[in-house]
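Below is one structure, written out as structure tokens; the observations come after it.
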Amino acid sequence: MNHKYIIANWKENKTPKEAISWLEKIAENLTTGENKEVILCPSFALLPVVSEVIKRLNLPIKLGSQDFPAFEEGSYTGEESPRLLKEFVSYTIIGHSERRNHFGESDELLREKVDLAMKYDIKTIFCVQDAETPLAQNVSIVAYEPVFAIGTGNPDTPENAQSVSKEISEKANGASVIYGGSISEENVSSFMQKDDIHGVLVGSKSLDPDAFSAIISRA
Ligand code: PGA
């Protein structure tokens, strides 16, 4: 049976109270099945509370961070340390187009982040914007996320996403390729049916627990 990843990227949204109520709501009707892996990526400050509630409710949800530091512990004001993150997450997103565009993250910096995540045994979900975006070595998942599709309600076509994902797959060294960009409960299955798409990265529609659990069950 094919392994499938359903990943929620909450971005810069939700307070602790809102995060707890999301988890309590999703706990009411979350069915994953053996082959579906659900990964939630909240903001750094939410990780302790989210991880505690996941344990308390015994939810089949793993945690990821939305970014990863390029430096190990020390004098790096404003950064999170890999050792601290390791206590909460088993995955991290690296290279999201919002990091590349708003924070000027270069391919070289992203490679350093991937190497450090690997050193701490944290699996990387590496975002690329097309088949030409340079890939980092040693990533577990590559997310194909065309910029025009992110947060616009205008996804790529499943056919084009399949052909780009196939191209990425051929150079991804065994990493799983997933698709992200305006995924909804209505369109998720048309992407998941494609041979080279093994999961979805969901932004806006992951904020609503009902929409996200519908996406999980249709994936
Ligand atoms: P979206 O975001 O689902 O809101 O398009 C996807 C992403 O940025 O990962």
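The values are calculated or read from the model by the stated rules, or taken from the named source; none is laboratory data. Just so you know, these numbers come straight off a predicted model, no measurement behind them. When we count neighbours, we look across all protein chains shown, and the Cβ atoms used for this are built from the backbone with ideal geometry, even at glycine.
Just a few scattered comments:
- Ile197 vs. criteria over 13 Å from the mean Cα position of the chain (by Cα) and either farther than 23 Å from Ala131 by Cα or assigned to a helix (DSSP H, G or I) (or both): no
- A search for C-beta distances below 7 Å between a residue of the stretch 1-30 that is more than 19 Å from Ser182 (Cβ to Cβ) and at pLDDT 95 or above and any residue that is within 13 Å of the ligand (Cβ to nearest atom) and of a type in the set (A, V, I, L, M, F, W, C), counting only pairs 6+ apart in sequence or on different chains, returns Ile26/Phe212.
- Of all the residues in the stretch 200-219, those that are over 14 Å from the mean Cα position of the chain (by Cα), outside any helix (DSSP H, G or I) and within 13 Å of the ligand (Cβ to nearest atom) number 1.
- Only one of the listed residues (Asn187, Asn173, Asn154) is more than 15 Å from the chain's Cα centre (by Cα) and within 10 Å of the ligand (Cβ to nearest atom). That residue is Asn154.
- Some residue of the stretch 17-36 being within 16 Å of the ligand (Cβ to nearest atom) and in a loop (DSSP other than H, G, I, E, B): no
- Selection of the stretch 64-88 for residues being in contact with a helix residue (DSSP H, G or I) (Cβ under 7 Å, 6 or more places away or on another chain) and either over 17 Å from His102 (Cβ atoms) or not charged (D, E, K, R) (or both) yields Ser65, Phe68, Pro69, Ala70, Glu72, Glu73, Glu80, Pro82, Phe88.
- Hey, Glu167 under 16 Å from the mean Cα position of the chain (by Cα), of a type in the set (Asp, Glu) and modelled with pLDDT of 95 or more or not: no
- Of all the residues in the stretch 136-149, those that are crowded, with 21+ Cβ neighbours inside 10 Å and more than 18 Å from Met192 (Cα to Cα) number 2.
- Test: residue in the stretch 59-77 that is touching a residue at least 40 places away in the same chain (Cβ under 8 Å) and part of a helix (DSSP H, G or I): no
The rows are residues; the columns are (1) within 17 Å of Val139 (Cα to Cα); (2) buried (at least 16 other Cβ atoms within 10 Å of the Cβ).
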{"site": "Val49", "(1), (2)": "no, yes"}
{"site": "Ser65", "(1), (2)": "yes, yes"}
{"site": "Ser97", "(1), (2)": "yes, yes"}
{"site": "Gly104", "(1), (2)": "no, no"}
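- The C-beta contact set for the stretch 138-152 (first residue over 23 Å from Val38 (Cβ atoms), second residue more than 7 Å from the ligand (Cβ to nearest atom) and of a type in the set (Phe, Trp, Tyr), distance under 8 angstrom, 6+ apart or interchain) is empty.
- For Phe126: the one exception among (1) crowded, with 22+ Cβ neighbours inside 10 Å; (2) within 16 Å of the ligand (Cβ to nearest atom); (3) farther than 13 Å from Phe68 by Cα: (3)
- Every pair of residues 6+ apart whose Cβ atoms lie under 6 Å, when the first sits in the stretch 86-101 and is assigned to a loop (DSSP other than H, G, I, E, B) while the second is within 13 Å of the ligand (Cβ to nearest atom): Val89/Gly64; Gly95/Phe126; Gly95/Cys127; His96/Cys127
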